[in-house]
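Presented below is the structure to which this report refers.
Nothing in this text is a laboratory measurement; each read-out follows from the coordinates by a stated rule. Quantities reported herein were computed from a predicted structural model and do not represent experimental measurements. Cβ coordinates were reconstructed from backbone atoms using ideal geometry, including for glycine residues, and neighbour counts include every protein chain displayed.
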Amino acid sequence: MFFDRYQKKQDGAIRFYDTKSIKTKILCIIILILCLLMVAICLFPSIWVFLASFKDIKEFRREATILPQVFDIQKYIETWKNLKFVTYYFNSAIVVAGSVICSVIFNGLLAYVLAILKPKGHKIVLGLIMWSLLIPATTSIVALFVNINKIGLNASFVPLWLVFGANAFYVILFKNFFEGLPQELIEAAKLDGCGVLRIFLKIILPLSKPIVMVVVIFTITAAWSDFLLPYLVLNGSSKETVMVRLFAYSSSKNVNDVDMLRAVAFSIIPPIILFTIFQKQITDGATAGAVKE
């Protein structure tokens, strides 16, 4: 029954006629078991967080079982009210939206210059971008924070947006994808009188939806889960993100381990929903800019 599905399989390393071999069938079953095992290992931490968060503190510390005795949704409602997550969800949404726009526009424009326009000195710029990939981001956090304070952008979302608007990894993804686009369309647009910026907005970006979607999803995940810079820039204001609020919540005196698990569950729900909805775009486009034809 399982191998009947291979009849409609048009690509891949294993075709339907390969499944007639016993060795191939055994190999397929082993691969399937390994994949299911990896899925279980990857999903177990998140599942454990959700199940353990339904326990009370006594059950959590004394019982070693995974399933709670009672699934009481009222505990989640109380944690939601105590955390006032609506405000922090809204703040994180603002950070994510601005980061996505800056990430696509700024990194895309730089990649467009390096891949299509190629002015003099573009190889030097590309070399500097590649070298920047070797530098850990945390090494520049002190200088970045000092400059943010000097220009008066503390307690503002703008520094967070700009940080994601200057990402070397995204530039490389865009550049490699742009180099694979048909040059005839770009030349035709030039003959029709399109300017450099208009070609980028009207020709390049519409043709680059796969890699744009990948960068958008990566940016959303990174901006949502980022803690250090939002903590340094937004802490003490009314603009804290979900991750900053989690840190403050964990340090309060009246919070126990189970309360913290429920707060963590609220913080990981949006990324899980995002990946569930866009998993096909992630898997299909993750290598879109990594291979040249």
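At a Förster radius of 45 Å, what calculated FRET efficiency corresponds to the Cβ-Cβ distance of residue 140 and residue 39, to the nearest 0.05?
Values: r = 37 Å, r/R0 = 0.82.
The pair residue 140/residue 39 has a calculated efficiency of 0.75.
Inverting the mean 1/r over all pairs of different Cα atoms, compute the Kirkwood radius of the chain and quote it in Å. Walk me through the numbers on the way to the answer.
On the way: mean 1/r = 0.0436 Å⁻¹.
The Cα-based Kirkwood calculation yields 22.9 Å.
With springs only between Cα atoms under 10 Å apart, run a GNM on the chain and tell me which of 140, 156, 208 wobbles the most.
Maximum fluctuation in the GNM of the chain, among the listed residues, is at 140.
As a test of the formula, what do you get for the chain when each DSSP H run with n ≥ 4 contributes -39,500 (n - 2.57) and the sum is divided by the residue count, at 222 nm and rounded to the nearest 500 deg cm²/dmol?
Values: 14 runs with 189 residues, N = 293.
Computed ellipticity for the chain at 222 nm equals -20500 deg cm²/dmol.
Taking the Cα-to-Cβ direction at residue 63 and at residue 257 and moving 7 Å from each Cα, how far apart do the two end points lie in nm?
1.5 nm
Of the chain, which part is the longest with no chymotrypsin sites (Phe, Trp or Tyr not before Pro) in a loop (DSSP not H, G, I, E, B) and with at most 12 other C-beta atoms within 10 angstrom?
Working: sites that count: 2, 71.
Longest gap between qualifying sites, sites excluded: 72-293.
In the structure shown, do any of 150/239; 202/239; 175/239; 25/209; 118/209; 81/280 have a Cα-Cα gap over 27 Å, and if so which? Display every interim value, and only then the final one.
Numbers: 150/239 20 Å; 202/239 35 Å; 175/239 34 Å; 25/209 38 Å; 118/209 22 Å; 81/280 35 Å.
Beyond 27 Å between Cα atoms: 202/239; 175/239; 25/209; 81/280.
Test of understanding: in a Gaussian network model of the chain with alpha carbons linked when under 10 Å, which of 52, 155, 137 would top the mean-square fluctuation ranking?
Taking springs between Cα atoms under 10 Å, the residue moving most is 137.
Suppose the chain between residue 77 and residue 94 were pulled fully straight at 0.36 nm per residue; how much longer would it get relative to their current alpha carbon spacing? Walk me through the numbers before you get to the answer.
Values: separation 17, 0.36 × 17 = 6.12 nm, distance 2.41 nm.
The residue 77-residue 94 span can extend by a further 3.7 nm.
Sticking with the crude label model, points 7 Å out along Cα→Cβ, report the distance from residue 56 to residue 183 in nm, one decimal please.
Distance between label points: 7.3 nm.
Mind checking which helices in the chain clear 27 Å along their axis (Cα) and have mean Kyte-Doolittle hydropathy of 1.6 or more, DSSP H runs only? Walk me through the numbers on the way to the answer.
On the way: long enough: 22-52 (43 Å, 2.51); 85-112 (39 Å, 1.56); 257-285 (39 Å, 0.87).
Qualifying helices, which must be both long enough and hydrophobic enough, are 22-52.
Placing +1 at every Lys and Arg Cβ and -1 at every Asp and Glu Cβ, with all other atoms neutral, what dipole size does the chain have around its Cα centre, in debye to the nearest 20?
Values: 29 positive and 18 negative charges, 46 e Å.
In debye, rounded to 20, the chain gives about 220.
Pick out, from 130, 243, 95, the residue whose Cα sits farthest towards the positive end of the charge dipole of the chain, with +1 on the Cβ of Lys and Arg and -1 on the Cβ of Asp and Glu.
Result: 130.
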